[in-house]
1. Would a scan of segment C:312-327 turn up a residue that is over 27 Å from the mean Cα position of the chain (by Cα) and more than 30 Å from A:L283 (Cβ to Cβ)?
2. Failed condition for B:A222, given (1) small (G, A, S); (2) within 16 Å of ligand 1 (Cβ to nearest atom); (3) crowded, with 16+ Cβ neighbours inside 10 Å, with all others met?
3. All but one of (1) within 16 Å of ligand 2 (Cβ to nearest atom); (2) not in a loop (DSSP other than H, G, I, E, B) hold for B:E107; state the number of the condition that does not hold.
4. Would you call A:Q60 of a type outside the set (A, V, I, L, M, F, W, C), within 30 Å of A:E245 (Cα to Cα), more than 11 Å from every other protein chain (Cβ to nearest Cβ) and out of contact with any helix residue (DSSP H, G or I) (no Cβ under 8 Å at 6 or more places or on another chain)?
5. Among the residues of segment C:325-360, write down those that are closer than 30 Å to C:M280 by Cβ, away from every other protein chain (no Cβ under 13 Å) and small (G, A, S).
6. Hey, does segment B:20-39 have a residue that's within 16 Å of ligand 1 (Cβ to nearest atom), assigned to a strand (DSSP E or B) and free of Cβ contacts under 8 Å to residues at least 12 places away in the same chain?
7. Do you know which residues across segment B:1-19 are assigned to a loop (DSSP other than H, G, I, E, B) and either under 13 Å from B:V221 (Cα atoms) or hydroxyl-bearing (S, T, Y) (or both)?
8. Give A:A78, A:A92, A:A38 a once-over and let me know the one that is of a type in the set (A, V, I, L, M), within 23 Å of the chain's Cα centre (by Cα) and more than 14 Å from chain C (Cβ to nearest Cβ).
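The values are calculated or read from the model by the stated rules, or taken from the named source; none is laboratory data. None of these values were measured; they are calculated from a predicted model. Glycine gets a Cβ as well: all are built from the backbone with ideal geometry, and neighbour counts include every protein chain shown.
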Amino acid sequence: MSFLLTVAWRNLWRHKRRSLITATAMAVGVALCMATLAFNDGMFEAIFDVMIEQQLGHVQVHHPDYPKKRVMNDTLPAEILTRIDGEPGTVAAAPRLQGFALLGSETKSSGALLLGVDPEREPKVTPIGKRVVEGTFLPPGETGGIVLGLRLADELGVGLGDSVVAVTQASDGSLGNALYTVTGIVKTGSAQIDRSGAFVSVADLQDLLVLPDQLHNITILTDDATDIAPYAERLRADIASDTVEVQTWWEASPQSAQMMSMRDFSSVIVLGIVFGAAGLGILNTMMMSVFERTRELGVLKALGLRPTRMVGLILVESVLLASLAVSIGLALGGGLDAFLVLRGIDLSASAKEGISFSGVVLDPVIKGVVRWEGVAQVVGAVFFVSLASSLWPAIRAARLDPVESLRAE
Amino acid sequence: MSIVHVSDLHREYQQGAVTVKALRGVDLTIEPGEFTALMGPSGSGKTTLLNMIGALDRPTSGKLLVDGKDLASLSSSQLSDLRLHRLGFIFQSYNLIPVLSALENAEFVLQLQGMARDERRKRVRETLAQVGLAGMEDRRPGELSGGQQQRVAVARAIAGKPALVLADEPTANLDSATAQGLIELMEKLNHEHGITFLFATHDPRVMEAAHRVVRMVDGKVAEDLRK
Amino acid sequence: MVVLAMRNLFRNTRRTLITVLAITFGLAMVHLTITLQTGSYADLIRTGVSSMAGHVVVQAKGYQEEKDGDLVLTRTAEISQRLAKAFPEGTIAPRLVLGGLITSPRGSVGAAVSGIDGAAEAKLQEIDEHVVQGTWLTGDARGIVIGRDMADALQVGFGDKVVYMGQHGGATEVSSRLFRVIGIFRMGNADLDGFVAFVDLPAAQEAFGQPDVANQVTVHLPDPNRSPAAAAEARTLLADIDGIEVLDWKQALPELFALIEVDKTSGDVMLFLLGAIVAMGALNTVLMAALERTREFGVMLALGLRPQQLARLILTEGLLLGLMGAGLGLVVGTALSWPLVHYGLDYSAYMGDTYETAGVVLSSVIKGRFNPLRMTTYTIAATFMTAAAAIYPAVQVARLQPVEAMRHT
Ligand SMILES: Nc1ncnc2c1ncn2[C@@H]1O[C@H](COP(=O)(O)OP(=O)(O)OP(=O)(O)O)[C@@H](O)[C@H]1O
Ligand SMILES: [Mg+2]
């Protein structure tokens, strides 16, 4: 092996320029892919945060008709919550009740989605507590507070400490109303919640909608995010019925799951395009490297180098080339990634509210996120492409007829 | 046991529509320790025969035993191993690996054989000293004269202690004095170490030094002279 | 010279072909990207402008900044008439959007109720074609068209009554207005289907509590590029009306155009780097082709050829390589883009029937559109990039000393 390594390494430096150009081309590809992936992942992370972490948790429990039809009376009994708490593997469970209401300040009103949450449990399941930009989230144990989405608060023209009136039609058909005091303002990144969402305590909303001890859904965080299905299976066996449905997050929102698979799809496309182009470069370099050495390789063969080792020799050469490319590429790409992660791409000049995509409002400064799997994919792709494109030259080298190649020139 | 046993060996080349009969029934046996020259006019099949014996090319028909093995029955990997462990080659145009130093060129056959580093280095240094290249171990082929390069090639061929060294016109690219030196070197190796040599050559000095001269004409052995 | 260069290139047919293939592949990807970009931008702009703005947008001063639904134009009819007269070829669409609550006896939903000219919008948007039950707006002052999901949540169907409640225009009381569902649409977007309703403008004005008001009067022109000029015209035309602002499409939808700009820029960076990767491959080929002929060049120099002539030969080789690759790339790229233009790229497996970006709801089948200008530009750029890659080898060759060159092996 060390012989193969020595010969391969020196051969690479025989055409210093050619090797460097080839490696640089691949390195630019590596850097380009790394930066694209970091940018994409930054966007997907934001979408993931809003679509899944904030809204879906790991497992959802609700009335089977509720997600589709949103009929107010399709509820769950609140006592189910204690049974979920008792289920092994439950880290935390948060109940929710929802209803639309007209929220009004002194002079303005707006249709709003009231989200009745348990002030104590909610922050343990979703990152909502971290999205508060003003004031605090609902104080545990108290009632009468309300936390408004940023743009809703703007539209109503209210701030911390102001009162808002909620008017809605209760489940019994009566017109209910209630007065709440603004304790906080949130910016969640969800276009809908920021524009029309308002959090109140679940007890308050049960009163307003006249749905005592009723819930619309329960969001659960389990102890193993990577292996949710068995937990959901167990819970389903324990509590599912005609009126109680248990779903994992991807069952609850296949759309979100598809969005996430799009992440992989688009990385594959980028990798494919870039390394398709770079691969042809390596193929050419390795071809030249084999053909210009026909005689030399023939001698090696005549002296008894086995065909398999001949393949090895050429492949080692291309792996070395790839390693060189990866080192340069990681340095370049690392720099770009660092810029994307630390500084991000600032669009606030033209889109100060941020850019919305699939109901998620992305921050106007889009920051990259580096996933090690992503970097590993890129590096893997370089080696794969180098090996794949030098396979043909390598096999040609192994098949060289020593007599023919010695006659060459 | 003879080291090479060839009988009724044929080799035909297809060149477009014409069939070139390079060998037409060669019979030849070579015993260990012989120092044999193959001669004959250009195109008489010397190189072709050496290539057959060197397991570089396969005959069209006929029997070919090298080192006791029937080459027809060996796979290409087994042929590689036979070349690696039992045969040594010296080519007309040296054919050293340009990226390796003199030492490394002679060494890598041993390396492929799997010899341990220290033993290998020692052996190669001795061998290079034997061929008169002590002190030039670290030069690359481009920094050596033709004669010196051919000596490295000789060192490479004999370092692995082969049963048979095949040399195709080893002196053709060398000036007279250098060629003489090389012949003496090979004679010495034959004499002192008992290495078997088989040359293809036009060089009268080689024929003079040889103990046995096989003359080929038109792909056949026309004369076999032992001195 | 060209013949000589061609012969030289095809001395090593395999290498030249691989290089040409790399350029072809890279450029085909470029054309594909451009086609897809052009198509999706056109779609995004067309849909975005027609549904959310117009080529000329007249609205109350400050509305663009604050998006406050209470900021209204008060002389809508007059403005519409004057615009209609000034732009006879255009479509005039006034819009008044009310945020409030729609209730039925069985549920309530927070909604954005758009008061529009049904006939004008039918020309501009596709929503009327997505009515799955009943009809589009007919001018019936009590008629409302709602989304499928909203109908489910309210548990209402065609012909049922719903009540809109809202508080607008500085009123101190919540007012309500009865509507009858005359149509139900399904766009495949959760936001539209769940939270948007359409009524005729006069009905919305009544619900608002003031006659002749609208948030915007929009003008839609057959030639979108006239937008800035038309906006300027409208500005003079309406100069006598106080408290209004007149915007062109880019001013009205800065977020949308910012998004496109960002996407285009990042696309360009990516394409440029892809070009660089391919050009390095070409550099390698031309460089190697030049270096391996050093001896030959030495002879030519010795025979009296001038160094510049040699350099020109190398440059011609690069140019030819570029021409072949770029030409083939154009052909292959166009061929590959053809299905995109005719059938589109179907993302619906990932995103559902429609997806939302920058507030615009678009079909998940993204149709490409040929962009001859950009395709030509990139083809020429690629040719020159390849030719430029030959500069370095050309300079190297021009510097050769005949004696040394002839000694070269
Ligand atoms: N690969 C081949 N294809 C076709 N014909 C070949 C091939 N190799 C050798 N020949 C032919 O076979 C015959 C013998 O060639 P060979 O090289 O063995 O001759 P030689 O005795 O070594 O001659 P020289 O003294 O010139 O080296 C010649 O006629 C030659 O043209
Ligand atoms: Mg010969």
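1. No, the conditions are met nowhere in segment C:312-327.
2. All conditions pass for B:A222, except number (3).
3. Just one mismatch for B:E107, condition (1).
4. Numbers: of a type outside the set (A, V, I, L, M, F, W, C): yes; within 30 Å of A:E245 (Cα to Cα): yes; more than 11 Å from every other protein chain (Cβ to nearest Cβ): yes; out of contact with any helix residue (DSSP H, G or I) (no Cβ under 8 Å at 6 or more places or on another chain): no.
In short, no.
5. Answer for segment C:325-360, where residues must be closer than 30 Å to C:M280 by Cβ, away from every other protein chain (no Cβ under 13 Å) and small (G, A, S): C:A326, C:G327, C:A335, C:S337.
6. From segment B:20-39, those within 16 Å of ligand 1 (Cβ to nearest atom) are B:20-26, B:28, B:36-39; that's our starting set.
Now restrict to residues that are assigned to a strand (DSSP E or B): B:20-26, B:28, B:36-39.
Next, only the ones that are free of Cβ contacts under 8 Å to residues at least 12 places away in the same chain stay: B:20.
Yes: one or more hits.
7. Of the residues in segment B:1-19, the ones assigned to a loop (DSSP other than H, G, I, E, B) are B:1-3, B:16-17.
Within segment B:1-19, just B:S2 meets the criteria.
8. Numbers: A:A78 fails: within 23 Å of the chain's Cα centre (by Cα); A:A38 fails: more than 14 Å from chain C (Cβ to nearest Cβ).
Selected residue: A:A92, the only one of A:A78, A:A92, A:A38 that is of a type in the set (A, V, I, L, M), within 23 Å of the chain's Cα centre (by Cα) and more than 14 Å from chain C (Cβ to nearest Cβ).
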